[in-house]
Amino acid sequence: MTASKSFSGLVFALIIFLFVSNSANAQLKVGFYSKTCPEAEAIVKKVVDQTMFVAPSLAGPLLRMHFHDCFVRGCDGSVLLNATNSNQQVEKNALPNLSLRGFQIIDRVKSALEVACPGIVSCADIVALVSRDVTFATKGPYWEVETGRRDGRVSIGSEALTNLISPFANISTLITMFRAKGLGLKDLVVLSGAHTLGTSHCFAFTNRLYNFTGKGINNDSDPTLDSEYAEKLKLKCSPTDQTTLVEMDPGSFKTFDSSYYTLVSKRRGLFQSDAALRDNIYTRAYVQIQAWSKGSTFFRDFGVSMVHMGRVGVLTGSSGEIRKVCSMIN
């Protein structure tokens, strides 16, 4: 098959790629605080810009925080709640969330908003707005964030274990988990592009480097991982390394760009869940076209899919509450 025919086939696959979110808008809308707290988004952006100036490495964790919030109980700020005497096992303390950082930035935003307009802006909306602003601050896209979420009062650590996407997930698991949240195949492959920002601990991928088949062979690496890249990763991560951090998008892990798709297309995605995008005709087509076109539609698509995700399981109207402090219920 010629390169032109191959490209045409991928374009055709994307043309019939109609798997988009059907999530209901509920009562979210752009500019929800335009009358009750007109400076809300400007206040969030100011704190984010200050943070990115002194601590740009927080961009990845703060973006990921929105994912981790929405996939457990919906986008209700439950990931922000601290443990209490009556509930020690909250989402924040669950294993998949131990890599999250930047909770103090959410608290800083909340404090500033409480001075400007007390009791108005929810913590769930703060997380959504911060995710957009850190993306834009790292040269990524800007999108209009729908607001109007209210904060949940429940946080259960075990729900994080069952609802958050594992780095070891295969394509079937990824599709199933996204569909369970009302998100489609396109949302899956687009939102995976968030791996362009940030770092990961070695233990999230060392299973791909050592004894992958379980036959006791130390150099037995995942065949879906580029062998040269695997060797470079072995120089950074021993089989038992629990502390070392590795860039998810080597060379530009502090910049939001489309190079993630180039890496995945070359079998250099860090996680098994990244490699899994090559195992479905539609997600593979999207990966290849973004790699070949240098992300021609990725920025626009990312904003659309973030809006889709931001609608998952939201509390609106009189449901939930507006927390005074993001780490505890009122």
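The values are calculated or read from the model by the stated rules, or taken from the named source; none is laboratory data. A quick note: this is a predicted structure, and the numbers were derived from the prediction, not measured. Please note: Cβ atoms are built from the backbone with ideal geometry, for glycine as well, and neighbour counts cover all protein chains shown. Ligands, DNA and RNA are excluded from the accessible area calculation, which covers all protein heavy atoms including side chains. Shrake-Rupley method; radii C 1.70, N 1.55, O 1.52, S 1.80 Å.
Taking amide H atoms as placed 1.01 Å from N in the peptide plane, the amide H of residue 199 lies under 5 Å from those of 248, each 5 or more residues away in sequence or on another chain.
Net charge around residue 43, counting only other residues with Cβ within less than 13 Å of its Cβ (Lys, Arg = +1; Asp, Glu = -1)?
Working: positive: 45, 46, 108, 110; negative: 39, 41, 49, 114, 125, 133.
So the environment of residue 43 carries a net charge of -2.
Sparse packing (at most 10 other Cβ atoms within 10 Å of the Cβ) combined with a DSSP loop state is found for the following trypsin sites (Lys or Arg not before Pro) in the stretch 173-256: 215. Remark: the residue 49-residue 228 segment gains 60.7 nm on full extension, using 0.36 nm per residue and subtracting the alpha carbon distance. Ranking 171, 243, 113 by Cα position along the charge dipole of the chain, where only Lys, Arg, Asp and Glu carry charges on their C-beta atoms, puts 171 farthest toward the positive end.
Put simply, the amide H of residue 140, placed in the peptide plane, has neighbours under 5 Å in 256, leaving out anything fewer than 5 places away on its chain. In whole angstrom, note down how far apart the Cα centers of the stretch 36-61 and the stretch 288-314 are. Distance between centres, Cα-based: 22 Å.
Amide H contacts of residue 154: none lie under 5 Å away among residues 5 or more positions distant or on a separate chain (H built 1.01 Å from N in the peptide plane; Pro and chain starts excluded). Give the shape of the stretch 130-229 as rounded, prolate or oblate, defined through the alpha-carbon gyration tensor: a ≥ b ≥ c are the square roots of its eigenvalues, a/c under 1.5 means rounded, and otherwise the shape is prolate if a/b is larger than b/c and oblate if not. Prolate, since a/c reaches 1.5 and a/b exceeds b/c.
Write out the trypsin sites (Lys or Arg not before Pro) in the stretch 63-145 meeting two conditions: DSSP loop, and at most 12 other Cβ atoms within 10 Å of their Cβ.
Numbers: sites: 64, 73, 92, 101, 108, 110, 132, 139; in loops: 73, 101, 139.
Within the stretch 63-145, the qualifying trypsin sites (Lys or Arg not before Pro) (loop, at most 12 other Cβ atoms within 10 Å) are 139.
The residues of the stretch 27-124 present an accessible area of 45 Å² per residue when probed at 1.4 Å with all protein chains retained.
Note down the relative contact order for the chain as a percent, whole number, built from C-alpha pairs under 8 angstrom at least six residues apart.
Numbers: 571 pairs, mean separation 92.7, N = 330.
Relative contact order of the chain: 28 percent.
Here the Karplus curve 6.51 cos²θ - 1.76 cosθ + 1.60, taken at θ = phi - 60°, turns the phi angles of the stretch 165-175 into couplings of 6, 7, x, 9, 5, 8, 5, 5, 5, 4, 4 Hz, with x standing for Gly and Pro.
Could you work out the local net charge near residue 59, counting Lys and Arg as +1, Asp and Glu as -1, over the other residues with Cβ closer than 15 Å to its Cβ?
Values: positive: 45, 64, 101, 132, 139, 254; negative: 49, 133, 247, 249, 257.
Within the 15 Å Cβ shell, the charges total +1.
Rounded to two decimals, the Cα radius of gyration of the stretch 40-146 over 2.2 N^0.38 Å is 1.04.
For P(r) over Cα pairs in 10 Å bins from 0, in percent, the value calculated from this model appears in (i) 6, 26, 34, 23, 9, 2, 0; (ii) 6, 30, 40, 22, 2; (iii) 5, 20, 23, 16, 17, 13, 5, 1 under label (i).
What's the local net charge at residue 220, with K and R +1, D and E -1, over the other residues with C-beta under 14 Å away? Could you put the intermediate results ahead of the total?
On the way: positive: 208, 215, 234; negative: 222, 231.
Charge balance in the 14 Å sphere: +1.
About the Cα centre of the stretch 117-196, what is the dipole size in debye to 20, counting +1 per Lys and Arg Cβ and -1 per Asp and Glu Cβ, all else neutral?
Numbers: 8 positive and 7 negative charges, 28 e Å.
Computed about the Cα centre, the dipole is about 140 debye.
In the elastic network of the chain, a GNM with C-alpha springs shorter than 10 Å, the most mobile of 247, 231, 41 is 231.
Computed from the Cβ-Cβ distance with R0 of 41 Å, the FRET efficiency linking residue 278 to residue 144 stands at 0.80.
In debye, nearest 20: dipole of the chain around its Cα centre with unit charges on the Cβ of K, R (+) and D, E (-)? Before the final figure, lay out the partial values.
Numbers: 35 positive and 28 negative charges, 57 e Å.
For the chain, the charge dipole is close to 280 debye.
Solvent-accessible surface of the stretch 132-175, averaged per residue with a 1.4 angstrom probe and all protein chains in place: 42 square angstrom.
Of all accessible surface on the chain at a 1.4 Å probe, what whole percent is carbon and sulfur?
Summing carbon and sulfur atoms, their accessible area is 57 percent of the total for the chain.
Over the chain, dividing the summed -39,500 (n - 2.57) contributions of all DSSP H runs of at least 4 residues by the number of residues returns a 222 nm mean residue ellipticity of -12500 deg cm²/dmol. Karplus-derived 3J(HN,Hα) values for the stretch 266-275, using 6.51 cos²θ - 1.76 cosθ + 1.60 with θ = phi - 60°, are 9, 6, 10, x, 5, 9, 4, 5, 6, 4 Hz; glycine and proline are entered as x. Our coupling estimate for the stretch 110-123, obtained by passing each phi through the Karplus curve with A = 6.51, B = -1.76, C = 1.60 and θ = phi - 60°, is 4, 4, 5, 5, 5, 6, 6, 8, x, x, 10, 9, 6, 5 Hz, Gly and Pro reported as x. For the stretch 110-199, the list of chymotrypsin sites (Phe, Trp or Tyr not before Pro) that fall in a loop by DSSP and count at most 12 other C-beta atoms within 10 angstrom reads 142.
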